[in-house]
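Shown next, in C-alpha cells, is the structure this report addresses.
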Amino acid sequence: MIATEFEPLLAEENERIRRDKISQYRTTGETVELVPPSKSRDEAGKLFNVSGRYVSDAEKIKKEAPEFVESIMQGEMTIKEHIKKQK
C-alpha cells in the first residue's frame, strides 16, 4: 500500500526527465539517448520489493474499496486475500 504513495512521484519524475531530453534535443539539435517508457508502478514496486502488479492491485483497492485499506495496513489482511475475497 505504501508504494502507491510513491508511484505518482515517480511518474512525475519520469515525465520531467522525458521533457528535459526533448528540450535538450530541440535547443541543441544533438541526438540524445532515448528514454524508454517507464512504468512508475514497477519502479515503486522495486523500492518496496514487490511487483508492479501488486502496486496496481493496491491502488485499485484504495480507489474501489477504501474501507479495507486500514485492515491491510495493519496486517489483518493481505492484498491477495482481499482480491480472493472479492472474486
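Laboratory data are not the source of any read-out in this text; all were calculated from the coordinates shown. The model shown is predicted, which means the values in this text are computed figures rather than measured ones. All Cβ positions, glycine included, derive from the backbone under ideal geometry; neighbour counts span all protein chains shown.
Worth a mention:
- Remark: the chain carries a charge dipole of roughly 340 debye about the Cα centre, counting +1 on each Lys and Arg Cβ and -1 on each Asp and Glu Cβ.
- With contacts taken as Cα pairs under 8 Å and at least 6 residues apart, the chain reaches a relative contact order of 30 percent.
- Lysine pairs within the chain, Cα separation less than 26 Å, 8 or more sequence positions apart or different chains: 24
- Other residues within the sphere of radius under 14 Å centred on the Cβ of Leu10, judged by their own Cβ, net out at -3 (K and R +1, D and E -1).
- Farthest positive-ward along the chain dipole, Cα basis, beta-carbon charges - from Ala11, Ser51, Gly75: Ser51
- With Cα atoms defining each centre, the stretch 49-87 and the stretch 5-36 are spaced 31 Å apart in the structure.
- Using distinct alpha-carbon pairs, which all enter the 1/r mean, Kirkwood radius of the chain in Å: 14.7
- Inter-site label distance for Glu12 and Lys46 at 7 Å from Cα along Cβ, in nm: 2.1
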